[in-house]
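Right, one structure below, let's go through it.
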Amino acid sequence: MSDTSPEKLIEAVDLTRLYGNIRAVDNVSFTLNKGEVLGFLGPNGAGKTTTMQMLCGALAPTGGSIKINDIDLLEQPLRAKQVIGFLPEKPPLYIELTVDEYLGYCSQLHKIEKAFRAKALDSVKQRCGLTEVGSRLIGNLSKGFQQRVGIAQAIIHSPHVVILDEPTVGLDPIQIREIRQLIKQLGRDHGVILSTHILPEVQMTCNRVQIINRGRLVFHDSVDNLKLNTAATSLIIGLRRPPQATEIENVSGVNKIETITNSRFRIHFNNGQSPAEEIAKLAVEKNWGLIELTPESRNLEQIFIELTSTEITDPETSREKAA
Amino acid sequence: MIFAIAARELRSLFLSPLAWAVLGVLQAILAWIFLVSLEQFLLIQPRLIGLDGAPGVTDIVVTPLFSLIGILLLLVMPLMTMRLISEERRNKTLTLLLSAPVTTPHIVLGKFLAILCFILLMLVLLLMMSLSLAGGTHLDYGQIAGTALGLLLMISAFAAIGLYISCLTDHPTVAAVVTFGVLFMLWIVSWAAQTKENSADLLRWLSMMQHQESFQRGVLNSSDALYYIIVIVVFLLLSMRRLDAERLQA
């Protein structure tokens, strides 16, 4: 993230959406800056898709406001929607059309001027690797290609904001890698919101992460911070001839020792005071037969499970960090 | 924008075999009826010559052809309109329209325009068949124009009703069945006019077919034309409302 005050592309304030009495999205506020890829995580039914549909104007929020590029989405929907590209969970494809026909239609819908349409079509096909299949029917393409057509549809009008709802579902590993590359590339000159279930994908492609659970934003941090703050707080050691547990507990900094198997232990320690060196020295001195010594870090997966598996998540206790 | 949506809709319509099948079957049935009524006209023609103010070929061949196609289209229009919105909703392509910088009126009018083009094509085929008589006899062009206009207005009203019902569901077949039911009811509602004295006028006014009669005589009755236009406008507005409501309430 840049140090100068960044250009805000999305500013969502107190977004709320009710379905009957169910609060699908409850007072969600966040921003997206230019040049950022924001990972949007949450278990199924947490409100991800609802939030994304509200951001792209397909669904009106019950309360709150959305500003896209400083244009109010609710007051000037047409102007705001012109700068958004959206790929829903299921790509909105007309299977009876060819790729060229379909993308041509999308370019019309997004009001690309006639003179630029052919150029926009060519460049988007190149970006998404669709040049070869331009004249084929969408219905006859493989899932991976259909997904790419979906992405092409979302970026054909070079929108400021690209919203992608699970773009890599159902793709093979090579395609996933290509799409991730594409997302990273998009993140350079657009703002991207990426919803996904695949946690490593977030760490690979995103600058920032937010987790939504039961309609509420429960976690919000930059990926860089995440890496720092999730430095090791525990060690795994493996000893061929383990001593009494108390002997290890006496080492300075050790809080607790957990027995995993007869020869493997998890050692919890105070933040930043890793006893690894001490333990290694002791192990050699007392001939414990050290065979393993691994720092364990709290990764995104653990945070995710911690935050989303609790019965009621109190937003006050969640780590809220202004990026 | 309306034209882009209409063009896409028409393209999809003609990429599916349905439109071709409908046009082909209709044309075959109408050609048969056309030939049969022409034959009948030729049989009774010698007797008609002696009469003053006798019905001409337009009355005996062309007008019945047009009123028959009205009934046939009562069956056919639900099939043409059922997919309009419901299939987009079912295939999740509606999101594309909702998240694009287009308004609900654009979507609804685009869809209606597409179906209107289809109707016009159908009418042109029908008119060409009728006008082929012009080579051998004298036709009452005013009457034909009136009949065609009346039919166009009525089918457009069918289409508007079908479009609205297609907005209500995400199953095209359900939309077709309900549309057919509604159109059929609007046709037979005047049957009750014979029994119930006080509401007879209202029931007769409601019936779609009742308003065809003046057109078929070649008379442009503004109250009849207005009836169809009101139906079209009301159902298009309802469709827009319905799509907006989906965005708001889901």
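When restricted to residues that are among the hydrophobic types (A, V, I, L, M, F, W, C), within 14 Å of A:Ala154 (Cβ to Cβ) and touching a Pro at 6+ places or on another chain (Cβ under 8 Å), region B:85-111 contains 1. Suppose the filter is assigned to a helix (DSSP H, G or I), within 14 Å of chain B (Cβ to nearest Cβ) and farther than 16 Å from A:Ile155 by Cβ; does A:Thr16 pass it? Judged against the criteria, A:Thr16 is not a match.
Taking the conditions (1) in a strand (DSSP E or B); (2) in contact with a helix residue (DSSP H, G or I) (Cβ under 6 Å, 6 or more places away or on another chain); (3) away from chain B (no Cβ under 14 Å) in turn, A:Ser29 satisfies each one other than (2). Do we find that A:Gln108 is of a type in the set (S, T, N, Q), facing chain B (nearest Cβ under 8 Å) and in contact (Cβ under 8 Å) with a residue 24 or more places away in the chain in this structure? Against the criterion (of a type in the set (S, T, N, Q), facing chain B (nearest Cβ under 8 Å) and in contact (Cβ under 8 Å) with a residue 24 or more places away in the chain), A:Gln108 does not qualify.
Of all residues in region A:78-105, those that are more than 22 Å from A:Leu186 (Cβ to Cβ) and in the same structural domain as A:Asp189 (by TED's automatic domain parsing) have Cβ atoms under 9 Å from Cβ atoms of residues that are assigned to a loop (DSSP other than H, G, I, E, B) and at pLDDT below 95, 6 or more apart or on another chain, in A:Leu78/A:Lys111; A:Leu78/B:Pro101; A:Leu78/B:Val102; A:Leu78/B:Thr103. In this structure, B:Phe184 does not satisfy being among the aromatic types (Phe, Trp, Tyr) and under 22 Å from B:Cys117 (Cα atoms). Can you go through B:Ala28, B:Ala114 and tell me which one is within 14 Å of chain A (Cβ to nearest Cβ) and either among the small types (Gly, Ala, Ser) or touching a Lys or Arg at 6+ places or on another chain (Cβ under 7 Å) (or both)? Every option except B:Ala114 fails the conditions. Residues of region A:257-285 that are at pLDDT below 80 and surrounded by fewer than 11 Cβ atoms within 10 Å (Cβ to Cβ): A:Asn271, A:Gly272.
With respect to the conditions (1) within 11 Å of another protein chain (Cβ to nearest Cβ); (2) within 17 Å of the chain's Cα centre (by Cα), A:Lys81 falls short on a single one, namely (2). Scanning region B:60-108 for residues that are hydrophobic (A, V, I, L, M, F, W, C), in a helix (DSSP H, G or I) and within 14 Å of another protein chain (Cβ to nearest Cβ) yields a total of 5. Considering only residues of region A:51-64 that are free of Cβ contacts under 8 Å to residues at least 60 places away in the same chain and closer than 17 Å to A:Val83 by Cα, which is nearest to the other protein chains (Cβ to nearest Cβ)? Going through the qualifying residues, I end up with A:Ala58. Give the residues of region A:110-138 that are within 30 Å of A:Thr50 (Cβ to Cβ), under 29 Å from the mean Cα position of the chain (by Cα) and surrounded by fewer than 17 Cβ atoms within 10 Å (Cβ to Cβ), sorted by residue number. None - no residue of region A:110-138 is within 30 Å of A:Thr50 (Cβ to Cβ), under 29 Å from the mean Cα position of the chain (by Cα) and surrounded by fewer than 17 Cβ atoms within 10 Å (Cβ to Cβ), so the list stays empty. Restricted to region A:84-109, and to residues there that are of a type in the set (D, E, K, R) and under 30 Å from the mean Cα position of the chain (by Cα), the residue that is farthest from A:Phe145 (Cα to Cα) is A:Glu89.
The values are calculated or read from the model by the stated rules, or taken from the named source; none is laboratory data. What you see is a predicted model, and the numbers here were worked out from it, not measured in a lab. Here Cβ is always computed from backbone atoms with ideal geometry, including for glycine, and neighbour counts include all displayed protein chains.
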